[in-house]
Amino acid sequence: VITDGALDKTALTDDVGSEEDLYEDFRSSNHRYGHPGGGGEQLAINELISDGSVVYAEALWDHVTMDDQELGFKAGDVIEVMDATNKEWWWGRILDSEGWFPASFVRLRVNQDEPMEDYPLKVEGGKEDDSSGGTRRFGMGQTTKDQMRTNVINEIISTERDYIKHLKDICEGYIKQCRKRADMFTEEQLRTIFGNIEDIYRCQKKFVKALEKKFNKDHPHLSEVGSCFLEYQTEFQIYSEYCNNHPNACMELSRLTKVNKYVYFFEACRLLQKMIDISLDGFLLTPVQKICKYPLQLAELLKYTNPQHRDFKDVEAALNAMKNVARLINERKRRLENIDKIAQWQSSIEDWEGEDVLVRSSELIYSGELTKISHPQAKSQQRMFFLFDHQLVCCKKDLLRRDILYYKNRINMDDMEILDVEDGKDKDFNISVKNAFKLHCRDTEEVHLFCAKKPEQKQRWLKAFENERRQVQLDQETGFSITEVQKKQAMLNASKQHHTGKPKAVTRPYYDFLMRQKHPTLPTTLPQQQVFMLAEPKRKPSNFWQNISRLTPFRK
């Protein structure tokens, strides 16, 4: 690690030795850098629990597990924290279920006095109904909406300040040092590991300044922060690129940290920057957690904002805006996952000609069997059609092995208009048709006639063509695109899988990398090889692969 102004690597090596020596020097000097709200917060939680108080946390993500000693939950679930003695794994309860869960998957509720949505605080005659005899938590003297709102506002401001510090530490403590070591890192490697986190840092610096201007220090509950989220909702979409790249970052880090010099280098970076005792992969997870946390914070802020408050409408709009940002990020992630499946599908098609599907498309809209009628002589052919954004791919089934498809041609949907054809004699083709529709090319006046077997199948196709145009327009509006590197990698993976003749083994380096923490306080017999999944906030499941496999199997 080279400090600012020290550019002579040889001199540095002579003075301090190797990265391993540097790391050992730091470790032997007993440098310990704490952080606000770190171990102290954990200690406070345990003191509250031991005093008989009930502490609640809210799930940021789904925690899916097959281990009966772990607690599974969905994003948004409220968990009663019963033991937080270990910083990585906490013991909690939901209804009648108890078990261990990752502490990083949850956030503590700001207003512990009102822990559950189903049990709202009852106020009669201006006095709090304390018939439950519950212990007051965190020494909060007031339970009015204003005090509750103050707590949420303070949390938003303080977490933003902490987050800015994390981003600064990553950019100045790691990226800056890595760029000085061209012998260890290429620019491509740094882009893979850190993604666009520098862009996020610049965006968040502007955002936190806007928040500070709206923050009323004397009366925090009067702060009007909703407009800040509305102003930056478009800029927050840069998180999409980061979240999509994060699995690649974890795998690249996993590969590098198998070499000792990289382990020592990253640890020396952390110590020189006086960063808290978290590994680099933990710091890089922070932006993913942050963008998921905004809707939860805004939902809680809205809950404690009176409809008469000047900030109410903006907070309400901000909550919907940040939900849409999270939804857009999840949708883009789903689309990127689909490109691997599209590449695998193309590799299973025989006699493929022309450019890859991924050159222009990234989504299968619909697929099914149709009768295509062509000029001249109105020749009819049974074909399988696959409607992607921008193109319709036509394939022919093998006469003997119906699970094998041969590529025939494709139609550019950007030049086409869809025409519904009534049952009866068609003037263009001079034949009687049923359940038919046409694709008409605006430029060449070329016409393609298709017939479905049933009226409902025809309607599904007409609806699918509408969806295809809508998807293309949405991609243009949101700026969605797939990089050339991602396309090439997907086709390369599909090609390797295709040549082996058997499904590619499912590996879990990303999840294993994130969940490699052990259970220090658990019995040693606890099974570790279980299903751990870091899931984003709930999204509608994709029916992409089900559509393909249902209509035609591509196994050979």
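The values are calculated or read from the model by the stated rules, or taken from the named source; none is laboratory data. Note that the coordinates shown come from a computational prediction; the quantities given were computed from them, not determined experimentally. All Cβ positions, even for glycine, are placed from backbone atoms using ideal geometry, and neighbour counts span all protein chains on display. Side chains are part of the model used for accessible areas, which takes the heavy atoms of the whole protein and leaves out ligands, DNA and RNA. Shrake-Rupley method; radii C 1.70, N 1.55, O 1.52, S 1.80 Å.
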With a 1.4 Å probe and every protein chain left in place, tell me how much accessible area THR234 has, in Å² to the nearest 10. 100
Would you work out which of HIS448, TYR406, PHE437 lies farthest towards the positive end of the dipole of segment 359-480? Charges go on Cβ: Lys and Arg +1, Asp and Glu -1. TYR406
Please report the base-10 log of the normalised intensity I(q)/I(0) for segment 256-312, using a Debye sum with one equal scatterer per alpha carbon and no solvent, at each q in 0.16, 0.27 (1/Å). -0.65, -1.04
Any idea what the relative contact order of segment 288-419 is, in percent, if you count C-alpha pairs under 8 Å spaced at least 6 apart? 15
With every protein chain left in place, what is the accessible area of ASP403 in Å² (1.4 Å probe, nearest 10)? 40
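Multiply the residue separation of SER97 and GLN308 by 0.36 nm, subtract the distance between their alpha-carbon atoms, and state the gained length in nm to one decimal.
71.9 nm
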Under 19 Å between alpha carbons: how many lysine pairs meet that in segment 295-402, if sequence neighbours fewer than 8 apart on the same chain are excluded? 9
Dipole moment magnitude, nearest 20 debye, segment 43-108 about Cα centre, only Lys, Arg, Asp, Glu C-beta charged: 220
For segment 432-442, Karplus-derived ³J(HN,Hα) couplings (6.51, -1.76, 1.60; θ = phi - 60°; whole Hz; x for glycine and proline) come out as 8, 10, 9, 6, 10, 8, 10, 10, 10, 7, 5
Gain in length, SER53 to ASN154, computed as 0.36 nm per residue apart minus the alpha-carbon separation, to one decimal in nm? 34.1 nm
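What Kirkwood Rh does segment 359-480 have if only Cα atoms enter the pairwise 1/r average? Answer in Å.
Numbers: mean 1/r = 0.0658 Å⁻¹.
About 15.2 Å for segment 359-480.
Only Lys, Arg, Asp and Glu count, each charged at its Cβ (+1, +1, -1, -1), so figure out the dipole size of segment 145-339 about its Cα centre, rounded to 20 debye.
On the way: 33 positive and 27 negative charges, 30 e Å.
That gives a dipole near 140 debye.
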How many nm separate the modelled label positions at THR234 and THR371, each set 7 Å beyond the Cα in the direction of the Cβ? 5.1
Full-extension gain in nm, LEU492 to SER254, via 0.36 nm per residue minus C-alpha separation: 83.5 nm
Hydrodynamic radius by Kirkwood for segment 147-281, inverse mean 1/r across distinct Cα pairs, in Å, is 16.7
Measuring from label point to label point, each 7 Å out along Cα→Cβ, what is the LYS217 to LYS261 span in nm? 4.9
Heavy atoms only, 1.4 Å probe, whole protein assembly: order TYR406, TYR239 by accessible area, highest first. TYR406, TYR239
Let me know the Rg and Dmax you get for segment 43-108 when you use only its Cα atoms, in Å. 10.9, 33
Between GLN381 and LYS145, what is the label-point separation in nm under the 7 Å Cα-to-beta-carbon projection? 6.7
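Semi-axes, largest first, in whole Å: what does sqrt of 5 times each Cα gyration tensor eigenvalue give for segment 307-379? Walk me through the intermediate numbers first.
Numbers: eigenvalues 409, 67, 16 Å².
Gyration-tensor ellipsoid for segment 307-379: 45, 18, 9 Å.
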Amide H to amide H, which residues 5 or more places from VAL55 or on other chains are under 5 Å from it, using H placed in the peptide plane? VAL81
Toy charge model, Lys and Arg Cβ at +1, Asp and Glu Cβ at -1: segment 359-480 dipole around Cα centroid in debye, rounded to 20, equals 760
Once phi is turned into θ = phi - 60°, what whole-Hz ³J(HN,Hα) does the Karplus curve with 6.51, -1.76 and 1.60 give for every residue of segment 193-207, x standing for Gly and Pro? 6, 9, x, 9, 5, 5, 5, 4, 4, 4, 5, 5, 4, 5, 5
Rounded, prolate or oblate, given the Cα gyration tensor of segment 171-251, with a/c below 1.5 counting as rounded? prolate
